[in-house]
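Working notes for the structure below.
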Amino acid sequence: MPTTLPIFQPTPIFKDRTDYRQVLVREMDAGKIPLSLGRDCPVKCEFCYELDHSYRETLDPPKTSDEDWKFILNYISRKPTDPTQFWCLGGNEFMEWTDLFLHPKAMEWVEDFLRETDKSIQFFTVGFVHVPKIHQLVARYPGRINFELSVITLSDYRQRLMPHAPSVKHLMKVLDGPAVSSANFYAFDKDTMSKDAATISKVNQQCVLWMGTLTPVRGLKEETASLMRQGRKFLPDEATQIYHLGLPNLQTIHTESYTTAFLSRRRIVSLFDSLELEKKDTVVMAGSVHKILTMYRKNRARFLYVPNALLSGDSDCTVLLTFDDIARRLTKEKVVHVPKCIMQSGRGPYTDITGVTLEQFTKKTGVRVKVLHKIDTRFANQQLYRHGSLQNYVEQYLKHPLRSAYEAMPHPA
């Protein structure tokens, strides 16, 4: 997928690109356990959002050695324990994410972590875990493992999207036991997500069914992006089928941002009102929030719609906007109001996901920025999870009389 060159070039983070320990420390300070395969992820899933991470600077360590592991374990052991924190296996901000259970010592090191620290762990994998070892660990350390299994699909699309992933037969063994906390899978066509939900629930009634759609972003093949968009069309019927099945599992749904924004419309509007903006004030926002405020607060301020151009694809999320995206939409503005959530990335304070800082943006554009501190990532995450159940999606979105009018609203040119 072609991409435009960014207006901004962030200041390089790594001065010595041979010192990979600096990457490990940065990831651990962010709550990660930074194991590395020392190579690109060999699974090569067609939908992976890490296929193109060139918009941010990374420095991938070599394959994690026993000496590296001792350094990692000692560093994390010295950190104070937060009983609510789950340390994430694998770095994904300053190094490329890979399926780390392909590392020959991954299971051994997970056990080390649980035995030698009092901290909890979470991990994501498409299924490369040893059975029954993973079930034994969860039974031995109850409440300390959050295992999110990336099922993706059990349908015929699986071979096309995940040609190197574990077999469905192996996934059923992983699901048949106490290990898996949640299983995520998606709608691609008729009887894909709904059939998967019934199959997984039959094997495991305790894990969360984490369902929905995948959003195309830059770097994906066009045929893969088309399949994701096709899934969006089938999602309402698939979700409704599952709703009527009455499965015992807790059922959550990951939809695209336009659904989250609609379900959160009252909170978005009330927060907007609390900002006490003037009609002449220019406010930066992505498409979904732009639709909500246009519906309910038209002409209360100047709403500057900013597409997620850097990520390309169909992304439509204010949190993932970049200063480069905003700069490309400026015309004669002298002052803009920008949500804080845009500048709360893992790159640093007042920094977007690419590493560009607020100061760099204001210096280069000459535009003054007023930060909307109330619109932060905490607020965004609250709205995402507050309405994240499949029941909410069916009852409060699909059945809402304004849904069709909302979805038909065009974005500004």
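The values are calculated or read from the model by the stated rules, or taken from the named source; none is laboratory data. Note that the coordinates shown come from a computational prediction; the quantities given were computed from them, not determined experimentally. Note that we place each Cβ from the backbone using ideal geometry, even for glycine, and neighbour counts take in every protein chain shown. Heads up: the accessible areas ignore ligands, DNA and RNA and are worked out on the full protein's heavy atoms, side chains in. Shrake-Rupley method; radii C 1.70, N 1.55, O 1.52, S 1.80 Å.
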Point to revise | Which numbered condition T215 misses (of (1) over 19 Å from Y157 (Cα atoms); (2) surrounded by 16 or more Cβ atoms within 10 Å (Cβ to Cβ); (3) polar (S, T, N, Q)) | key: (1)
Review point. Cβ-Cβ below 6 Å, separation at least six or inter-chain, first residue in segment 301-324 and farther than 19 Å from P410 by Cα, second hydroxyl-bearing (S, T, Y) and open to solvent by less than 10 Å² (accessible area, probe 1.4 Å): which pairs?
Key: L310/T322
Revision key, fill the gap. Checked pairs for segment 104-132, first within 17 Å of S150 (Cβ to Cβ), second of a type in the set (D, E) and open to solvent by less than 50 Å² (accessible area, probe 1.4 Å), C-beta under 7 Å and 6 or more apart or across chains, list as Q122/E148; F124/E148; T125/D99; V126/D99; F128/D99
Review point. Within segment 242-249, can one find any residue that is crowded, with 16+ Cβ neighbours inside 10 Å, within 27 Å of V336 (Cβ to Cβ) and in contact with a helix residue (DSSP H, G or I) (Cβ under 6 Å, 6 or more places away or on another chain)?
Key: no
Study note, to complete from the structure: Expected single match for surrounded by 16 or more Cβ atoms within 10 Å (Cβ to Cβ) and either in contact (Cβ under 8 Å) with a residue 12 or more places away in the chain or assigned to a loop (DSSP other than H, G, I, E, B) (or both) among E50, E46 is E46
Check your understanding: Applying the selection to segment 137-169, what residues are among the charged types (D, E, K, R), under 23 Å from the mean Cα position of the chain (by Cα) and open to solvent by 30 Å² or more (accessible area, probe 1.4 Å)?
Key -> R144, E148, R160
Check your understanding: Are any residues in segment 235-250 assigned to a loop (DSSP other than H, G, I, E, B) and in contact (Cβ under 8 Å) with a residue 24 or more places away in the chain, and if so, which ones?
Key -> L247, P248, N249, L250
Review point. Does S150 satisfy being small (G, A, S) and either part of a strand (DSSP E or B) or not assigned by the TED database to the domain that holds E57 (or both)?
Key: yes
Practice item. Select from segment 251-285 the residues that are touching a Ser or Thr at 6+ places or on another chain (Cβ under 6 Å), at pLDDT below 95 and not polar (S, T, N, Q) and list them in ascending order. Key: E256, Y258, A261
**Study point:** Residue match in segment 97-105 (condition: part of a helix (DSSP H, G or I) and of a type outside the set (F, W, Y))
**Key:** yes
Review point. Any idea which of W109, W69, W97 is in contact with a Leu (Cβ under 9 Å, 6 or more places away or on another chain), among the aromatic types (F, W, Y) and open to solvent by 10 Å² or more (accessible area, probe 1.4 Å)?
Key: W69
Check your understanding: How many of the residues in segment 205-223 are touching a Leu at 6+ places or on another chain (Cβ under 7 Å) and either of a type in the set (V, I, T) or farther than 21 Å from A183 by Cβ (or both)?
Key -> 6
